[in-house]
Amino acid sequence: MVSVVINGSKVDVPEDFTVMQAAAQAGFMIPSLCSHPDLKVKENCNVCVVEVNGELKNACAEKVSPGMEVKTFTPRVIEAKRENLKKILKVHPQDCLQCARNQNCELQALTATLTVRSFEHKPLQLTKDTSTPSIVRDPSKCTLCGRCVEVCNDIQTVGALEIKDGVVQTVDGKPLIETKCVMCGQCALACPVGAITEKEEIDRFLEAIADPEKIVVTQIAPAVRVAVAEEVGMETGSLDMLTFVAGLRQLGFDYVFHTNFTADLTIMEEGNELLKRLKEGGTLPMLTSCSPGWINFIETFYPEQLPHLSTCKSPQQMFGALVKTYWADKMGIDPAKIFSVSIMPCTAKKYEATRPEMRDSGYQDVDLVLTTREVGRLFRMCGVGFDKLQPSNFDSLMGAYTGAAVIFGASGGVMEAALRTVYEVVTGKTLEDVNFTAVRGFEGMKEAEVDLDGTKVKVAVANSLGCARKIMEEIKAGTSPYHFIEIMCCPGGCIGGGGQPIPSTVAKRVERIKGIYIEDEGLPLRKSHENPEVKLLYEDFLHEPLGHKSHELLHTHYTP
Ligand code: HC0
Ligand code: SF4
């Protein structure tokens, strides 16, 4: 331990602490723009400047030393902080009222915190990049903090963004769509301001709701419920599912369903696909195929490994294909009138919905994807008062789900759900303990071995594209020991998706994961093959997993 003096108070801290950490321990928070609890020290904004033994130093980078005297708010320090902040403010557009991050912007907050009351203003006027269906980049708003670049390069290992000539830009200055960007949106979560955001499409929703000809249906992704509470001023996980459904009905949705329904269905299809590959010597390891940022990644970086992917579409797309065929038929509704909206934690889902492969119903299967953040905005815009709502049930035929589907939202959940079902199908025995805890948690790589009546199946789980890359390098080298691997694009799984509420720090993601498993434990059915509406779907329409109709609507092939 090292003793230092912070604003006159002595504090003992570990030797590797920075001045910023030591100050926090002494009860003095030092504001900054480029620092982030989960990312490396950058020293790009210089707003965290403090006096160390009489000299101005950046608190984020300066390590403590014995007897160090730190002052965090002398007139000289405050003046230096303000001057450094004013350099950023000088070129930053002042269109806060029109910005998606208005009221959730670290630059706004910092300006208020440091009581900056005037500054010179010559804003940058650079062109917005709207080239992808998922992400919008407004370089005029970039503060050069460098957080997005670290996330894209070091965590996701994509390398679509770089710092060149002192400017954050896309590689070679190309439009994002022409780079290797996978549209995961992790950069948007890391951005302190509105320089990178989702492509906002709430007006398309409002138009659809106002159109009397349209029947507007929705599906909610597994990771949304735990996080949407954060958008409406509640604790993570505290908005109960059926009150959330009631809120969606207030917004005007005609039918409210759940992606969990097709998550259970995915387990039926993907579980049987795995068993078929194991039995018939198909390509192994089989890789899950539901995370669209991950699909973009394998297509871009490992196209020759595409045969390892399960042929299952994602639950979002299975839902889209079924709602305009099976459900429309059962309800006697013209599928041309159905406007299918999905509510997702993900920005890459916006792209997935527009893929040419995703039109097997004869229409675009999913018409509109809204992120958790966009739905939060809609709830606030429409003044939905959750404390006044009575819980409302999901609509039937595609609204039932089990705990196995709920856990899809957290890394390891698809694997655990598959194991719950595959074990019972193969062994014919009842799984007494459905909790496969070895594959749970925030950790980037996890593995387990399961005994299926004498056959040992080795499985692995990876989240974040950096971890996916490690898995893919093993497969490429022919050294992968696994039979089945779950890969999710975003750190922690979909609970950390690029469309989730901001902040989405590791601490927040861990809280959301907790909320997911609490929901699973509280449900009466926790195995996908027990979902009564999935059983009905097979009886009435699909007839069997991997059958003709399933191939037509629920499976696809991605080509390089
Ligand atoms: Fe996910 Fe999904 S679990 S990718 O993370 O499989 O986005 O929540 O909706 O489609 O179900 C996201 C979350 C989904 C899909 C499901 C899968
Ligand atoms: Fe990189 Fe993902 Fe952002 Fe694209 S969306 S620039 S891949 S972090």
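The numbers here are math on the coordinates, done by the rules we state, and not lab data. The shown structure was predicted, so the numbers you read here are calculated from the model rather than taken from an experiment. We place every Cβ from the backbone using ideal geometry, glycine too, and count neighbours over all the protein chains shown.
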Filtered hits (lysines, Cα-Cα < 21 Å from LYS40, offset >= 8 within chain) -> LYS57, LYS63, LYS81, LYS164, LYS508
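Using the Cα centre as the reference, give the magnitude of the dipole from point charges on the C-beta atoms of the chain (Lys, Arg: +1; Asp, Glu: -1; all else neutral), rounded to the nearest 20 debye. Mind showing how you got there, number by number?
Working: 59 positive and 73 negative charges, 308 e Å.
Its charge dipole is roughly 1480 debye.
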Restricting to lysines and to Cα separations under 28 Å from LYS337, and discarding same-chain partners fewer than 8 apart, the set is LYS199, LYS214, LYS313, LYS324, LYS349, LYS350, LYS535, LYS549
Residue span LEU97 to THR455: 0.36 nm per residue of separation minus Cα-Cα distance leaves a gain in nm of 122.8 nm
In whole Hz, the Karplus estimates of ³J(HN,Hα) for region 100-112 (6.51, -1.76, 1.60; θ = phi - 60°; x where Gly or Pro) are 4, 9, 3, 6, 9, 10, 6, 6, 4, 4, 5, 4, 5
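FRET efficiency for GLU447 and LYS514, Cβ-Cβ distance as r, R0 = 30 Å, nearest 0.05? It would help to have the intermediate numbers written out before the result.
Numbers: r = 22 Å, r/R0 = 0.74.
The computed FRET efficiency comes out at 0.85.
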If unit charges are put on Cβ atoms (+1 for Lys and Arg, -1 for Asp and Glu) and the dipole of the chain is taken about its Cα centre, the option from LEU278, THR18, THR372 lying farthest towards the positive end turns out to be THR18
Long-range amide H partners of ILE6, meaning residues 5 or more apart or on another chain whose placed amide H is closer than 5 Å, are VAL11, VAL70
Sequence order, region 45-62: Karplus ³J(HN,Hα) from phi using 6.51 cos²θ - 1.76 cosθ + 1.60, θ = phi - 60°, Hz rounded, Gly and Pro as x, gives 9, 6, 7, 8, 4, 9, 8, 10, 6, x, 10, 7, 9, 7, 5, 6, 10, 6
Under 18 Å by backbone N from the virtual spin label 7 Å along Cα-to-Cβ at LYS86, the residues of region 32-75 are 45-50, 74-75
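Quick one: which of 140-150, 402-412, 536-546 comes out on top by average Cβ neighbours within 10 Å, and what's the full order, highest first?
Per-residue Cβ counts within 10 Å, averaged per peptide and sorted highest first, yield 402-412, 140-150, 536-546.
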If each part is reduced to its alpha-carbon centroid, region 493-539 and region 285-306 end up apart, in Å, by 22 Å
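Between THR437 and ASP334, 0.36 nm times their residue separation minus their Cα-Cα distance comes to what? Can you show the working numbers first?
Values: separation 103, 0.36 × 103 = 37.08 nm, distance 4.46 nm.
Between THR437 and ASP334, full extension yields an extra 32.6 nm.
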In debye to the nearest 20, the charge dipole size for region 371-496, taken about the Cα centre with +1 at each Lys and Arg Cβ and -1 at each Asp and Glu Cβ, equals 520 debye
In nanometres, the difference between 0.36 nm per residue of separation and the alpha-carbon distance of THR430 and ALA477 is 13.1 nm
Helix-only [θ] at 222 nm, the chain, -39500 (n - 2.57) per DSSP H run of 4+, per residue, nearest 500, equals -10000 deg cm²/dmol
Rounded to the nearest 10, the angle in degrees between the Cα long axis of helix 75-91 and the longest principal axis of the Cα atoms of the chain comes to 50 degrees
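Roughly how many debye, to the nearest 20, is the charge dipole of region 6-157 about its Cα centre, given +1 on each Lys and Arg Cβ, -1 on each Asp and Glu Cβ, and no other charges? Don't jump to the answer; show the numbers that get you there.
On the way: 19 positive and 18 negative charges, 117 e Å.
For region 6-157, the charge dipole is close to 560 debye.
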Reduced to Cα centres, the span from region 543-559 to region 314-348 in Å works out to 16 Å
From the Cα centre of region 130-166 to that of region 48-111, the distance in Å is 22 Å
Given backbone amide H placed at 1.01 Å from N, residues whose amide H is under 5 Å from that of LEU525, ignoring those fewer than 5 places away on the same chain, are GLY403
